[in-house]
Amino acid sequence: MLQSSVRTEQVTLNMGPQHPSTHGVLRLELVLDGEVVVDARPVIGYLHRGVEKIGEARTYPQFLPYTDRIDYLSAASNNGAYVQAVEKLMGVEVPDRAKYLRVIALELNRIASHLVFIATFANDLAATTVFLYAIRERELIMDLFEMWVGARLTQSTFRIGGVTEDIPEEFLPKAREFCALLPKRLEEYDRLLTGNRIFEARTRGVGILPPEVAWDYACSGPTLRGSGVSFDVRRAEPYEAYDQVDFEVVTHPACDCLGRYLVRMGEMRESVRIIAQCVDRLPQGEVRAKVGRVVKPPAGEAYGRVESPRGEFGCYVVSDGGTSPVRVRLRAPSFFHLAALPQMLRGWKMGDVVAILGSIDIVLGEVDR
Amino acid sequence: MMELLQKELGEALQACEQVGKELRIRVTPQQLVPVTRLCKQHGYTYPCDITAVDMRTELVLVYRLIAPDSGEQVVVKVGAPRSGARIPTVSGVYGAAEWLEREVYDLFGVRFEGHPDLRRILLTDDWEGHPLLK
């Protein structure tokens, strides 16, 4: 009786571009019926820097440090996709030691990025303490990179043909120490967060992404694997030394925010295993193949793909035989996940938006490029 | 896949080349939607990327479709004029195409016919021109 006499209407609410949970500059236009999300339209481009256009005006080696800044939480995977494409074009064979060092860099970056995810995801759901714990461990990874290449965040560890330089003597013992420490710290996070009833209530069954929708929107990485799909570029098309190390592709069948969180927790444990194997088996030898100062790949095209912490990061390079690429296309996984976000948001409450957005772990730097 | 495409398309298949795991083909704009639909039916369920390259003489649209089980890739290329290009949308075949085509429209000016919501995506709505054209 009462309901029929009350007039209701949908409201459009702008969330962002300066909203703390958007982790950068993202605007969501939410169409709300009361508290329920009827539709969502992500508005992007606030961080567009024209990186692909810049690539056409730089030489091949000059463009490498720009790639660090695309997905700034995981510089190594951007480097990896770019050099993979250029090396495919040139037919460069990378020395074994460089391949192993690259895997170490990639996996350290994966852990660092997932730690930021755990930190911010927990923080968004009001578990502030976890933020400080996770950032504490991430600091150790930053220190390792600083020891190796001097930089901490945008490291440019990779070079066309190898890595920038060999690791210093003290690197391996410190890396071993880190591999021994992190699993213990992950148990601590589990005690803090994974079994926490408030955390579970906010994430379990929330933001469902069915596997067929995930494929349709070309989702990859933990977003796809959290929907129970075992797809990982490291396994599907092994690059560097991934065919020589033993690791599991972590999946979770839940299709919800909790599933995506648990996949990342599992992946950090696998990354530690990969790093430990690489540290133990690190071959001796050169760390960079002989590539001339002037890089001129023959005319043609190549696509390099790596498994970044967020999913498939790809780089499509077209060459006309000159010193600069004709086209550098960067295929960033967050772009695809954001396109699929409305599918996950519809029907959930306004309060769940923050949890669902956090669970796909976007980096606006790579969405907008 | 190569034989299948040759059989289905006949003359409309302008080029066909296998490079590693990539099957690179070139088709006419009219064949684009049928070809992508055919690929999807044959296991290429992962629309990895859609982009374009300005080759100065023409625009080349590049559709990278991947079969997740085998890792095989079909790279479908379509030629288009550098200005005023009109290409049928594949957003009815793959959901991911909706945003990817918006980006190609934004940066290259290609109009995708039948697209449900063809607006700029990275640049502001009042931006003039398409910056990735040479």
Next on the checklist: Compute the helix-to-body angle for A:96-124: its Cα long axis versus the longest principal axis of chain A, expressed 0 to 90° and rounded to tens.
Outcome noted: 20
Checklist entry - Under a point spin-label approximation (7 Å from Cα along Cα-to-Cβ), what is the A:ARG7-A:LEU172 distance to one decimal in nm? => result 7.7
Next on the checklist: Using 20 Å bins from zero, what percent of all Cα-Cα pairs in chain A falls into each bin?
Outcome noted: 29, 56, 13, 1, 0
Checklist outcome for this item: Kirkwood Rh over alpha-carbon pairs of the stretch A:1-57 plugged into Stokes-Einstein at 37 °C, 0.692 mPa s gives a D in µm²/s of 234
Item to check | P(r) tail fraction, the stretch A:1-124 - alpha-carbon pairs more than 22 Å apart, % | outcome: 58
Checklist entry - Roughly how compact is chain B, stated as its Cα Rg over 2.2 N^0.38 Å to two decimals? => result 1.03
Item to check | Likely footprinting exposure, A:SER5, B:SER83, A:SER156, fewest C-beta neighbours within 10 Å first | outcome: A:SER5, B:SER83, A:SER156
Checklist outcome for this item: Note: the stretch B:2-81 at 20 °C, 1.002 mPa s; Kirkwood Rh on alpha carbon pairs; Stokes-Einstein D in µm²/s works out to 169
Checklist entry - Over the stretch A:40-103, with a single point scatterer placed on each C-alpha, what log10 of the ratio I(q)/I(0) does the Debye formula yield at q = 0.19, 0.20, 0.27, 0.29 1/Å? => result -0.83, -0.89, -1.27, -1.33
Next on the checklist: Could you identify which residue out of A:PRO42, A:PRO65, A:PRO168 has the top mean-square fluctuation in a GNM of chain A using Cα springs shorter than 10 Å?
Outcome noted: A:PRO168
Checklist entry - Where both residues lie in the stretch B:2-81, what percent of DSSP beta bridges are antiparallel, nearest 5? => result 80
Checklist entry - Other chains' Cβ within 10 Å of B:62-72 residues: what's the mean? => result 3
Checklist entry - In a GNM of chain A with a 10 Å cut-off on Cα contacts, which of A:GLY314, A:GLY91, A:GLY228 has the highest mean-square fluctuation? => result A:GLY91
Checklist entry - Sorted from fewest to most neighbouring beta carbons within 10 Å, what does the list A:MET268, A:MET142 look like? => result A:MET142, A:MET268
Checklist outcome for this item: Interchain or sequence-distant (5+) residues whose placed amide H lies within less than 5 Å of the amide H of A:VAL43 are A:ARG27, A:LEU28, A:GLU29
Item to check | Principal-axis tilt of helix A:350-359 within chain A, Cα atoms, nearest 10 degrees | outcome: 10
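Every read-out reported here was derived from the displayed coordinates using simple, explicitly stated rules and does not represent laboratory data. Everything numeric here is computed off the predicted structure, so don't read it as measured data. Cβ coordinates were reconstructed from backbone atoms using ideal geometry, including for glycine residues, and neighbour counts include every protein chain displayed.
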